[in-house]
Amino acid sequence: MNPQKFSPKPAKLPRRMRALVKARPEPGLELREVPVPRPGPDEVLIRVELASICGTDLHIHRWDDWAQGVIRPPLVIGHEFVGRVARLGALVKGLRLGDLICGEGHIVCGHCRNCLAGRRHLCPDTQGVGVHRAGAFADYLCIPAANVWPADATIPLEVLSCFDPLGNAAHTALSFDLVGEDVLITGAGPIGLMACAIARHCGARHIVVSDVNPQRLRLAKRMGASRGVRADHESLTEVARSLCMKEGFDVGFEMSGSPEALDTMIAAMAHGGRIALLGLQKQPAPVAVNRVVLHGLTLKGIYGRQMFETWYKMTMLVKTGLDIRPIITHRFSCTKHKQAFDLVASGKCGKVILDWRG
Ligand code: NAD
Ligand code: ZN
């Protein structure tokens, strides 16, 4: 049975659309009119409804060293989104016009050893939506059908728009058994906060979250942290003692990208402790290798999300009561993108969403 047969009649597509573009190799972004992309045979065109702003978008906005090395303007940016199928390529099966979907922003080669073995998150030729090809801060987005995640329509739209970073948090947090464990999370950005909520949902005992931003530490408490710790003022050893922890943390999630935070974490782990590293270090981080060796620590790097086991798991986490809505603190119309990016740059927020409807 061909599901396309039962799709509603495709609405006429406009020729042009609004898009947030890195127009030139300099700081800033422009909301401009660009042509609506046309899907190839194995691609899907999506009418974007909500899209959320990621740290990567901020790097591109600022035009920092990383962005200058990777981004080729003009480029439509953005990769965290929820929307509806607007057109299907001729070869696409299993999706229908109007379906509510999210999308995996990492496009993999499909034929390296890892891809063939089903470990697509480890593909060495990964391309990023909104980084290496046109992204989701637009009325329409085109991605391969293989990157589409059919969304559960009972989940709030705003939460679905954050499935990409929630997937980073879930991929990290579900790396290790959390039941009854004492967990340290360095960095209470949106992803650290999501990891905190997941650790609480999955049965961790104490969850200590450190940051230098008091507003974010308040959110961490709301997401189930036992303690929020000012990384610049408080000692983790003291905090661990006040919680009657005897041997250090069992599990650590590094989610700040700060070399000091990683160093503090390694020092605070119990022997045999397991650390998952998601944060991208802003500068080279010295690692206390002898401590890792002598204390038998495990350090595991995390990139992206497992395709699509992480997507399944986060759907089920949300359906069994994981609530990340308090982390979504601000919403803006896409026309107010400047205010939205200024707010993200200030750090006085959790997750910030751009609305592309209307
Ligand atoms: P974010 O920048 O919003 O949050 C980082 C937080 O760390 C901030 O709240 C900041 O105040 C805090 N921080 C700074 N110094 C600290 C210190 N010494 N101790 C404790 N906290 C400190 O970032 P995010 O969007 O939540 O993402 C978290 C990290 O994950 C970032 O480094 C990001 O680049 C990285 N990331 C990695 C992947 C991946 O696939 N590996 C994907 C997305 C994001
Ligand atoms: Zn590959």
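The values are calculated or read from the model by the stated rules, or taken from the named source; none is laboratory data. It should be emphasised that the depicted structure is a prediction, and the values quoted were computed from it without experimental measurement. All Cβ positions, glycine included, derive from the backbone under ideal geometry; neighbour counts span all protein chains shown. Note: accessible area is taken over every heavy atom of the protein model, side chains too, but ligands, DNA and RNA are not part of it. Shrake-Rupley method; radii C 1.70, N 1.55, O 1.52, S 1.80 Å.
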- Message: Can you say whether GLU158 is out of contact with any His (no Cβ under 6 Å at 6 or more places or on another chain) and part of a loop (DSSP other than H, G, I, E, B), as far as the supplied structure shows?
- Response: no
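Yes/no per residue for (1) touching a residue at least 60 places away in the same chain (Cβ under 8 Å); (2) open to solvent by 10 Å² or more (accessible area, probe 1.4 Å); (3) more than 16 Å from ligand 1 (Cβ to nearest atom):
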position	(1), (2), (3)
ALA86	yes, yes, yes
HIS111	no, yes, yes
ASN114	no, yes, no
PRO165	yes, no, no
- Item | From ARG305, ARG274, ARG241, residue being out of contact with any helix residue (DSSP H, G or I) (no Cβ under 8 Å at 6 or more places or on another chain) and under 16 Å from PHE176 (Cα atoms) | ARG274
- Query: Can you name the residue in segment 161-198 that is among the charged types (D, E, K, R) and either under 23 Å from ARG218 (Cβ atoms) or assigned to a loop (DSSP other than H, G, I, E, B) (or both) and is also nearest to the chain's Cα centre (by Cα) among such residues?
  - Reply: ASP177
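Each row is one residue, and each column tells you yes or no for (1) under 19 Å from PRO165 (Cα atoms); (2) assigned to a loop (DSSP other than H, G, I, E, B).
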{"residue": "GLY118", "(1), (2)": "no, yes"}
{"residue": "HIS121", "(1), (2)": "yes, no"}
{"residue": "GLY128", "(1), (2)": "yes, no"}
{"residue": "ALA136", "(1), (2)": "yes, yes"}
{"residue": "LEU141", "(1), (2)": "yes, no"}
{"residue": "TRP149", "(1), (2)": "yes, no"}
{"residue": "THR154", "(1), (2)": "no, yes"}
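Residues are listed down the side, and each one gets a yes or a no for (1) without any contact (Cβ under 8 Å) to a residue 12 or more places away in the chain; (2) open to solvent by 10 Å² or more (accessible area, probe 1.4 Å); (3) outside the structural domain of GLU49 (by TED's automatic domain parsing):
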| site | (1), (2), (3) |
| --- | --- |
| ALA151 | no, yes, no |
| THR154 | no, yes, no |
| LEU174 | no, yes, yes |
| LEU184 | no, no, yes |
| HIS201 | no, yes, yes |
| VAL208 | no, no, yes |
| ALA220 | no, no, yes |
| ASP232 | no, yes, yes |
| GLU247 | no, yes, yes |
- Item | Positions within segment 205-242 being among the acidic types (Asp, Glu) and under 15 Å from LEU262 (Cα atoms), in sequence order | ASP211, ASP232
- Exactly one condition in (1) in contact (Cβ under 8 Å) with a residue 24 or more places away in the chain; (2) open to solvent by less than 40 Å² (accessible area, probe 1.4 Å) is not met by HIS132; state its number. (2)
- Item | Selection within segment 65-84 - open to solvent by 30 Å² or more (accessible area, probe 1.4 Å) and in contact with a Gly (Cβ under 9 Å, 6 or more places away or on another chain) | VAL70, ARG84
- Task: Test ARG62 against the criterion of being open to solvent by 10 Å² or more (accessible area, probe 1.4 Å) and closer than 30 Å to LYS348 by Cβ, and give yes or no.
- Result: yes
- Scan segment 116-129 residue by residue and report those that are more than 16 Å from ligand 1 (Cβ to nearest atom), open to solvent by less than 60 Å² (accessible area, probe 1.4 Å) and hydrophobic (A, V, I, L, M, F, W, C). ALA117
- Message: Give me the residue from segment 267-295 that is over 24 Å from the mean Cα position of the chain (by Cα) and under 19 Å from ASP211 (Cβ atoms) and, out of that set, most open to solvent (accessible area, probe 1.4 Å).
- Response: ALA267
- Query: Which of the residues belonging to segment 37-59 are part of a loop (DSSP other than H, G, I, E, B) and surrounded by fewer than 19 Cβ atoms within 10 Å (Cβ to Cβ)?
  - Reply: ARG38, GLY40, PRO41, ASP42
